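For reference, the structure is listed below as structure tokens.
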Amino acid sequence: MAEYDNQVRSYNAAATTVVDEGLRAYMLRVYNYMLLGLALTGATAWLAAETPLRQVFFNFTPVGVSLNALGWVALLAPIGLVFWLSWGIQRMSFAAAQGVFWLYAGLMGIGLAPVLLLYTGASVAQVFFITAATFGAMSLWGYTTKRDLTGFGSFLMMGLIGIIIASLVGMFWHNSALQWMISIIGVIVFTGLTAYDTQSIKESYYVGDDGTIAGKKAIMGALRLYLDFINLFIMLLRLLGDRR
């Protein structure tokens, strides 16, 4: 009987080790996709803001910068790509899903280029590191906590819907107090979503997934964390950034 118990314990320990190693590799893949996406976004943002390429997307006037037709395409196209990837990834090949993700990250950089023109380089860098530290801490907590964040996530999604509605109102009613409130709530919501999404991505891992399914899950997980990071960065920049 003792020998049987030892065999069971050894089998369970071996199975746990396999799951843990697979999970670590899966999460590392998710973070790598996210980081490469952010790097691509940063590179295209710099190219669109600091090189002659910016003339293709922006109109420069004595009072500021505005988007031309291609600029609007670059700004709005990522919205369509997110929906396409979210709803159609099951029918896509792994290579196609990767391609859509990289295209999305590149176009996001063009859409964010005006940020580099509106705020000083020092404040952009400062806010980026604040965002990275906040994101890293919350993602680590979401990965390690034993607390179920499902209910917390539902509350945050309600807050996200509120931010979207308030932002649409802000497009027609320019009010500094409203923008300040949106930014404050946005920081809270996207900080919380970082932890919630990390836990959700972790729990989506299944040891029996084949390479294609696991790869698609990693891309969708990277997209969720990428969106959390970008939105948190924008909200913090509105609060802490120094305009030129």
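The values are calculated or read from the model by the stated rules, or taken from the named source; none is laboratory data. These numbers were taken from a predicted model, which means no experiment stands behind them. Note: ideal-geometry Cβ built from the backbone for every residue, glycine included; neighbour counts use all protein chains shown.
Here is how the numbers come out for the structure above:
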quantity	calculated
Residues of the stretch 216-244 that turn out to be of a type in the set (Gly, Ala, Ser) and either touching an Asp or Glu at 6+ places or on another chain (Cβ under 9 Å) or not in a helix (DSSP H, G or I) (or both), as a count	2
Members of the stretch 201-215 found to be outside any loop (DSSP other than H, G, I, E, B) and within 22 Å of residue 91 (Cα to Cα), listed by number	201, 211, 212, 213, 214, 215
Criterion violated by residue 174 - all others in (1) surrounded by 13 or more Cβ atoms within 10 Å (Cβ to Cβ); (2) at pLDDT below 85; (3) not aromatic (Phe, Trp, Tyr) satisfied	(1)
Answer residue from the stretch 142-177, given it is in a helix (DSSP H, G or I) and either at positive phi or β-branched (Val, Ile, Thr) (or both) and is farthest from the chain's Cα centre (by Cα) among those	169
Test: residue in the stretch 122-130 that is exposed (fewer than 12 other Cβ atoms within 10 Å of the Cβ) and touching a residue at least 60 places away in the same chain (Cβ under 8 Å)	yes
